[in-house]
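Beneath this line is the structure, given in structure tokens, with notes to follow.
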Amino acid sequence: MMHSSTGRCGLASLRLLSFPVAICCFAVVFAPVADAFKEIRIPAAADDKLGGIIPVVAPHAKVMLFHDDLGFLLVGEREPKKDGTLALYRVDGRGWPSADPVLLPLPKPPGVSISYAVGLAFHPKLRQLYVWQDTDMVPPPGDEALYKAFEHLLIYDLSKPGPELIYRGCQGPQYQIGTYLAGLTIDSKCARLYLPNMRDKDAAMIGYVALDDKGLPLPEAKDKDKDKGDRARVENVAAVSGWPSGTSFCPISDDVVLFGGSYGPITWDLKDRRNRISSFYLYPYANYRFHMTVHPTMPVFFCLVSGQQYIYRFQHAHGYMTLMPHRYLIDDLIITSQPVLMPLQNQLVVAGTNKVLFLKLDAKGNILEKRGQSAIETITEPPVIACSERWNSVFVPVPKRDKEKK
Amino acid sequence: MSWQRWSMLPVLLICWFGAAAPGHAKTIMMTDEETDQLAAIAAEAPRLSWAGYESAPGVWNISLLDLYPNRGLLIRFPLDKIPRRQRITKAEFIVPIDYVYGNNEARLYVRRLLAEWGPGVCHLYRTTLPKPIEWKVPGAKGSGSDRVARGQVLKPVAGEMTINVTEDVELWYSGVVRNHGWILSNDDAAMIRMGPWAFGGRGRWKLRITYEPE
């Protein structure tokens, strides 16, 4: 690299002035611009070695869910071209999962060798677990029999020492086969089970089944006698754009639900036909990649696209997205987990390869710049996480047991 | 520290002292990425803040911004980038128009908003948080209350349309009236497809302001 000697000599007399003046110029030129940016950067930080990270050996984990009151951790694993597993762990007094989980059955029709859990939900009041399972797609015409026979919804009673499968249903051509994730959610009144991954001919659909007071789907009226009540009555179905999908169903009220679609977050108004579906498109659009979590007390929700460095903070008014979202750029982490809110700690937890991030929120639900993080060897698959408010801990799937913990 | 690092110092000093010199005009450009409030409202979807494009009856998204009659685009740029004690000499609002459907009578109306609006803004309400506050006339159509009685009426043409908004920006900057932004509407039987704010289309809406010390 060459520099002119005249330039160097010319600057010599300004030696004492140069640094402060340059700083002033930099500040004047750049400071106002930085303030106006919508994008907010969360800078990299050193590993805090925070406690509360609980490794769970699950090399092919795809879904995880923890119930604070029951102390149950569910881990669904799926290895390509192999049958999946769904493990139920009970946690001990310290919040650590037992070493001997119970494997829950994932029943499949004759001739089908593979099934795996793609969505999990606990009943808000009853000791019941809801599982949405799926299987690999087969090409036509064999798919017709598969659609007819494969039961997607499984309900387990967890009130007894041994979990018991008490319901299996939701089969038929209206449920897409070969999906990756399913945002299964029960509303706070325990009256509706929101269903993803539905279809009607070429259209992607979402809907819900009404639940009775035992938490079981109401049967389809017209087939009640013929089907002995095992066909769930699907209500209030809505068409959405893209491939049949649906993640992170978040009921805001009886009539308005937020969820992740193929192009971004979607508001579904169950009653008002004029604004039934309202989508906010984000790049890049991708099925099953939009994960959301709604703050329980503030009118905000967080959305991320798995595989990116961004977290979007949306405002919503009674479930309707409003104003432009803030976009947070997380330095040095490709986020692959779903976002999990821990309201008691007022923090948002996300994970990527070998790292878990703890992002504190302010009183308005904005993400604060200073972040906490812990390093942990995660699985190479996009890791999922589950959080416990009670033990202030995060369950993270790992490929093998840590030697120190053996 | 090496002198090579400071080889650009004369340029910086010229910029520094030049910008501060009396009578020196400066121009700033903001895009829709730097707005602090945006919304697309529609009578057909009276509760939505993001009623940009109706792909099927009752199904809305923001991949496009279609301006039909009874719809409005609300946009507010903060003016805090402009230093104090300046005089606005020129302000231009540059809006992207992708298509104009309809007859030659299509007109784009740009009006200054008079009422404060915020979270939950929609056709019926100017905000719904923490409690709903209605527009005087739904769709921010209250003349002299929701928006100014007379705005600019322009013939839309596909491409970048530059609108002189010096008077509006001067009013806001001087504090004579509060900056609640503009509403763009189409009151005639036509459709104007504006460049979208999201989904890869951001940054096309611009506000260029030239000012100089008083």
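The values are calculated or read from the model by the stated rules, or taken from the named source; none is laboratory data. Everything quoted here is computed from the prediction, not taken from an experiment. Here Cβ is always computed from backbone atoms with ideal geometry, including for glycine, and neighbour counts include all displayed protein chains. Calculation scope for accessible area: heavy atoms of the full protein, side chains included, ligands and nucleic acids excluded. Shrake-Rupley method; radii C 1.70, N 1.55, O 1.52, S 1.80 Å.
Restricting to DSSP loop positions (anything but H, G, I, E, B) with no more than 10 other Cβ atoms inside 10 Å of their own Cβ, which trypsin sites (Lys or Arg not before Pro) remain in region A:138-202?
Those that pass, being in a loop and sparsely packed, are A:K201.
Among A:K148/A:K189; A:K38/B:K136; B:K90/B:K141; A:K160/A:K214; A:K38/B:K81; A:K360/A:K400, which pairs are too far apart, with a Cα-Cα distance over 23 Å?
Beyond 23 Å: A:K148/A:K189; A:K38/B:K136; B:K90/B:K141; A:K360/A:K400.
Relative contact order for region A:162-205: what percent, with Cα pairs under 8 Å and sequence separation of 6 or more?
32
Semi-axes of the equivalent ellipsoid of the protein assembly as shown: what are they in whole Å, largest first, if each equals the square root of 5 times a C-alpha gyration tensor eigenvalue?
Those come to 50, 34, 20 Å.
Could you work out which residue, out of B:G102, B:G58, B:G118, moves most in a Gaussian network model of chain B, that is, has the largest mean-square fluctuation with Cα springs under 10 Å?
With Cα springs under 10 Å in chain B, the top fluctuation among B:G102, B:G58, B:G118 is at B:G58.
How much of the accessible area of the protein assembly as shown, in percent, comes from carbon and sulfur atoms when a 1.4 Å probe is used?
Using a 1.4 Å probe with all protein chains present, the protein assembly as shown comes out at 54 percent carbon and sulfur.
Give the shape of region B:75-198 as rounded, prolate or oblate, defined through the alpha-carbon gyration tensor: a ≥ b ≥ c are the square roots of its eigenvalues, a/c under 1.5 means rounded, and otherwise the shape is prolate if a/b is larger than b/c and oblate if not.
oblate
In deg cm²/dmol and to the nearest 500, what is the mean residue ellipticity at 222 nm of chain A if only DSSP H runs of at least 4 residues count, each as -39500 (n - 2.57), divided by the residue total?
-3000 deg cm²/dmol
Is it possible to state the helix-based mean residue ellipticity at 222 nm for chain B, with each DSSP H run of 4+ residues giving -39500 (n - 2.57), the sum divided by total residues, to the nearest 500 deg cm²/dmol? What is it?
After summing the helix terms and dividing by the residues of chain B, the value is -3000 deg cm²/dmol.
With a ≥ b ≥ c taken as the square roots of the eigenvalues of the C-alpha gyration tensor of chain B, please select rounded if a/c is under 1.5 and otherwise prolate if a/b is larger than b/c or oblate if it is not?
Since a/c reaches 1.5 and a/b is larger than b/c, the shape of chain B is classed as prolate.
What's the total accessible area buried between chains B and A, using a 1.4 Å probe, rounded to the nearest 100 Å²?
Using a 1.4 Å probe on protein heavy atoms, the buried area is about 3800 Å².
For region B:68-85, in order, what is each residue's ³J(HN,Hα) by Karplus, 6.51 cos²θ - 1.76 cosθ + 1.60 with θ = phi - 60°, in whole Hz (x at glycine and Pro)?
Running phi through 6.51 cos²θ - 1.76 cosθ + 1.60 with θ = phi - 60° gives 9, x, 6, 10, x, 10, 10, 8, 9, 9, x, 10, 6, 6, 7, x, 6, 6 Hz.
Between region A:126-202 and region B:136-189, what is the C-alpha centre distance in whole Å?
If you average the Cα positions of each part, the centres end up 52 Å apart.
Please compute one quarter of the surface area of the Cα convex hull for region A:287-388 and express it in square nanometres.
Directional mean of the projected Cα hull area for region A:287-388 stands at 6.6 nm².
Does region A:134-189 classify as rounded, prolate or oblate by the C-alpha gyration tensor (a ≥ b ≥ c root eigenvalues; a/c under 1.5 gives rounded; else a/b over b/c gives prolate, otherwise oblate)?
prolate
Measure nothing fancy, just the Cα-based angle from helix B:9-20's long axis to the longest principal axis of chain B, in degrees from 0 to 90, nearest 10.
Roughly 60 degrees, rounded to the nearest 10.
Which aspartates and glutamates, if any, have their Cα less than 15 Å from the Cα of A:K355, not counting same-chain residues under 8 positions apart?
A:D47, A:D48, A:D331, A:D332, A:E377, A:E381
With springs connecting C-alpha atoms under 10 Å apart, model chain A as a Gaussian network and identify which of A:F302, A:F395, A:F280 has the largest mean-square fluctuation.
Most flexible of the set in this elastic network: A:F280.
Using a Gaussian network for chain B with springs between C-alpha atoms less than 10 Å apart, which of these wobbles most: B:V95, B:V169, B:V177?
B:V177
Using modelled backbone amide H atoms (1.01 Å from N, in-plane), which distant-in-sequence or interchain residues come within less than 5 Å of A:I42's amide H?
A:L329, A:I330, A:D331
For helix A:15-36, report the angle its Cα long axis makes with the longest principal axis of the Cα atoms of chain A; keep it between 0 and 90° and round to the nearest 10°.
Orientation of helix A:15-36: about 30 degrees from the principal axis.
Which whole-number value in Å² is the accessible area per residue of the protein assembly as shown, probe 1.4 Å?
Per-residue accessible area for the protein assembly as shown comes out at 45 Å².
Can you list residues whose amide H is under 5 Å from A:I252's amide H, if they're 5+ apart or on another chain and H is modeled 1.01 Å from N?
Answer set, sorted by chain and number: A:V257, A:L258.
What range in chain B is the longest one free of trypsin sites (Lys or Arg not before Pro) that are in a loop by DSSP and have at most 12 other Cβ atoms within 10 angstrom?
Counting only loop sites that pass the neighbour cut-off, the longest clear stretch is B:1-83.
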